Amino acid sequence: MSVFLAKRFVTFIATLLGATVLTFLALEILPGDPASVILGIDAPQSAVDALRDRLGLDRPILERYFDWLEDIVTLRFGVSYTYSTPVLELVRARLAITFPLAILAMLLSAFVAFGLGVFAASRHNRPGDVTVMGISQLGISVPNFWLALLLILLFAVQLRWFSSGGFPGWHNGVWPAFKALILPAIALATVQGAILARFTRSAVLETMREDYVRTARAKGLSRRATLWRHVLRNAMIPVITIMGLQFANLLAGTIVVEEVFAMPGLGRLILQAISNRDVIVVRDVVLMLAAFVVFINFVVDVLYAVIDPRLKPHDV
Amino acid sequence: MTLLAVDNLTVTLNTVRGPARAVRNLSFELEKGQTLGIVGESGCGKSLTALAIMGLLPENGWADGTVKLAGENLLTYSEDQMCQVRGNRIGMVFQEPMTSLNPLHTVGRQIAEAMRLHRGVNKAEARTEVLRLLDMVGIPEPTKRINSYPHQLSGGQRQRVMIAMALSCGPELLIADEPTTALDVTIQKQILDLIRNLIEDLGMAMILISHNLGVIYQNVQDVIVMYGGARVESGPTHDVFANLSHPYSQGLFEAVPQIDDTKASRRRLRTIPGTVPELADLPAGCTFQDRCDYVTDACRPTQPPVVQIAAGHNVACLHVDAARKQWAAR
């Protein structure tokens, strides 16, 4: 394995460690004692104390942190206070919704953004470019929860093409489940896609000014051939970076959009766990999401090395 | 038949300060196998002349006049027709070998690209040709280097790759725009020798663009000195250098340090006072008027007439006699 990948892997682990500290601290300073939330405000103090003892809440903070770390490293995830179900089991069911949703939204935003961005760049400052940039400005300005509501009003309430929410589950056939994901995916992809389209456009425009693009034209390549063979791959390097960063936003967006579409996904699980002070669920799931985001960025780094030969150390 | 006939070429750029005529009424001819140098400082329009011939002017620029390649006016060609000319009948080498190659493609692929496009050769044939070209431009171990990426090569090697690329389709004309400016002096000589030998062997014509008088003197048969977008002096290289007649050419020469033991080498190095005028507000009349020692009111209203002082040696200056006398007496 190359030095480049090894370095990235170390960064990957360090980032995850940082994420555990932040997650743990954030939950420590969150007001509200989990034991009293679970038992309700009328519970006798003795019962609350007993629960605190059982949950280990009265132990020192460092001890609890390292216990948690040990659990994670040995892959022993906790059991939810509220559901009395192992976190892993909760997550597995929710992931069947959130994972396809995030992937679908990402693909949708990437396809639309690449198409529009390259189209706009190749018509720089002409009506096609101005129109696309106007539309993308609109896309960036619309909050995803509001767009979700508009989509429900139009496609579910008025046109009745889609249901307004909920998820039938994959066991009832792939198409109905996929269909239920379409509107939420559009709501999620719009903002991401609009930002990515602008980014793609400027990356392509910048690359078109490079000397080697002029060299390609001097060889007799047409504008189109130059764009496909010499510009796009070079322009992809910054665009992929942004896609990796956007993935974190996308996961955060699922929390809101799943709520609007009443989909029992991972985002909704976190939202409910937070309001229930289900600390174990929150911290484990947040960490999983963080790991996922960091992993995606790791994949992006590896992609750089695939695209750009300058990043491949040859004889290491 | 004349290979390239540029007649009254004017390149205009739209700038924020209004239209700027970056090349003004430039005319010259180039026969098959002839070599021509264009010399002048940055912004004198030499590179834009090259780009105008290639049909690759920046988006804010356009060319007027005629550029005839073997009798056909390239300025009336469609984009598709120009794509048949570029890289095929005219090859071009650029200044910056560091940035003029695509960092993501192997050099072999980049050299093969023009041949695949214009000659329609298959992959295997292209590979054989690329290996021959790499060998021709003096790159050691072509079979190994064919799969190298630009960043794995030195500046000189990259420029050799650029030359191989420009020559791959056997063009009738090679345009080399400051091909050695970004290289060390020792490498410069190697690259220029390589270009000159290849030009002779292959019988190509060449336009060599440089700001370096020495480079021009040693490598081309004819020379054009440009200033402010206009030709100020032109002729056979040896005649021009033996009898520098335009005050600007003289100033350019005076600014070059001489390393020999003559009277001229012990004098103080002179510079041309002032700076190059903004293209958007070039003066009417002679473009060099604001920096010229010989300037009179007669220089200001109209462009100076072109005076022939020897066979093929032309100078655009009203005071050419005074300038020549002064130069001879220095």
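The values are calculated or read from the model by the stated rules, or taken from the named source; none is laboratory data. Treat the numbers as computed from the prediction; the structure is a model and nothing was measured. Counting neighbours? That spans all protein chains shown, and the Cβs are built from the backbone with ideal geometry, glycine included.
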Hits in segment B:273-320 (condition: farther than 20 Å from residue B:45 by Cα and assigned to a helix (DSSP H, G or I)): B:297, B:298, B:299, B:320
Some residue of segment B:221-229 being assigned to a strand (DSSP E or B), more than 14 Å from every other protein chain (Cβ to nearest Cβ), closer than 20 Å to residue B:85 by Cβ and not aromatic (Phe, Trp, Tyr): no
Residue B:123, sole failed condition from (1) modelled with pLDDT under 90; (2) surrounded by fewer than 21 Cβ atoms within 10 Å (Cβ to Cβ); (3) out of contact with any Pro (no Cβ under 9 Å at 6 or more places or on another chain): (1)
Test: residue in segment B:82-101 that is within 14 Å of chain A (Cβ to nearest Cβ), closer than 22 Å to residue A:232 by Cα, in a helix (DSSP H, G or I) and touching a Ser or Thr at 6+ places or on another chain (Cβ under 9 Å): yes
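Here's the yes/no breakdown for (1) under 30 Å from residue B:71 (Cα atoms); (2) surrounded by 16 or more Cβ atoms within 10 Å (Cβ to Cβ):
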{"site": "B:145", "(1), (2)": "no, yes"}
{"site": "B:151", "(1), (2)": "no, no"}
{"site": "B:162", "(1), (2)": "yes, yes"}
{"site": "B:172", "(1), (2)": "yes, yes"}
{"site": "B:188", "(1), (2)": "no, yes"}
Qualifying residue in segment B:72-85 (condition: touching a residue at least 60 places away in the same chain (Cβ under 8 Å) and either touching a strand residue (DSSP E or B) at 6+ places or on another chain (Cβ under 9 Å) or aliphatic (A, V, I, L, M) (or both)): no
Hits in segment A:36-47 - residues which are of a type in the set (Gly, Ala, Ser) and surrounded by 12 or more Cβ atoms within 10 Å (Cβ to Cβ): A:36, A:43, A:47
Tally of residues being among the charged types (D, E, K, R) and within 12 Å of chain A (Cβ to nearest Cβ) across segment B:145-165: 1
Filtered residues of segment B:180-192 (kept if of a type outside the set (S, T, N, Q), assigned to a helix (DSSP H, G or I) and closer than 13 Å to residue B:159 by Cα): B:187, B:189, B:191, B:192
Residue that is surrounded by the most Cβ atoms within 10 Å (Cβ to Cβ) [pool: residues in segment A:1-35 that are not in a helix (DSSP H, G or I) and not hydrophobic (A, V, I, L, M, F, W, C)]: A:33
Number of the condition not met by residue B:120 [criteria: (1) on the phi < 0 side of the Ramachandran plot; (2) within 14 Å of chain A (Cβ to nearest Cβ)]: (1)
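Would you point out which residue out of A:175, A:170 is surrounded by fewer than 17 Cβ atoms within 10 Å (Cβ to Cβ) and touching a residue at least 40 places away in the same chain (Cβ under 8 Å)? Spell out how you get there, then give the answer.
On the way: A:175 fails: touching a residue at least 40 places away in the same chain (Cβ under 8 Å).
Every option except A:170 fails the conditions.
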Members of segment A:193-232 that are at the interface with chain B (Cβ under 8 Å from one of its Cβ atoms) and among the polar types (S, T, N, Q): A:215, A:222
Single match in B:316, B:322 (criterion: surrounded by 18 or more Cβ atoms within 10 Å (Cβ to Cβ) and not polar (S, T, N, Q)): B:316
The one condition in (1) surrounded by fewer than 18 Cβ atoms within 10 Å (Cβ to Cβ); (2) of a type in the set (A, V, I, L, M, F, W, C); (3) within 30 Å of residue A:276 (Cβ to Cβ); (4) out of contact with any Leu (no Cβ under 9 Å at 6 or more places or on another chain) that residue A:75 fails to fulfil: (4)
Filter result (in contact (Cβ under 8 Å) with a residue 40 or more places away in the chain, outside any strand (DSSP E or B) and surrounded by 21 or more Cβ atoms within 10 Å (Cβ to Cβ)) within segment B:53-68: B:53, B:54
Residue list for segment A:101-135, restricted to those being closer than 30 Å to residue A:262 by Cα and either crowded, with 17+ Cβ neighbours inside 10 Å or among the β-branched types (Val, Ile, Thr) (or both): A:101, A:102, A:103, A:104, A:105, A:106, A:108, A:109, A:110, A:112, A:113, A:135
Failed item in (1) farther than 17 Å from residue B:96 by Cα; (2) in a helix (DSSP H, G or I), with residue B:138 passing the rest: (2)
Search result, residues across segment B:89-100 that are out of contact with any Lys or Arg (no Cβ under 6 Å at 6 or more places or on another chain) and either farther than 30 Å from residue B:68 by Cβ or not charged (D, E, K, R) (or both): B:90, B:91, B:92, B:93, B:94, B:95, B:98, B:99, B:100
Single match in B:161, B:225 (criterion: modelled with pLDDT of 90 or more and farther than 28 Å from residue B:105 by Cα): B:225
Unmet criterion (only one of (1) under 19 Å from the mean Cα position of the chain (by Cα); (2) on the phi < 0 side of the Ramachandran plot; (3) touching a residue at least 24 places away in the same chain (Cβ under 8 Å)) for residue B:250: (1)
In segment A:257-314, residue modelled with the lowest pLDDT [restricted to those that are within 14 Å of another protein chain (Cβ to nearest Cβ) and part of a helix (DSSP H, G or I)]: A:311
Residue within segment A:211-229 that is under 30 Å from residue A:143 (Cα atoms) and either surrounded by fewer than 22 Cβ atoms within 10 Å (Cβ to Cβ) or not hydrophobic (A, V, I, L, M, F, W, C) (or both) present: no
Of all residues in segment B:23-52 being part of a helix (DSSP H, G or I) and touching a helix residue (DSSP H, G or I) at 6+ places or on another chain (Cβ under 9 Å), the one that is surrounded by the fewest Cβ atoms within 10 Å (Cβ to Cβ): B:51
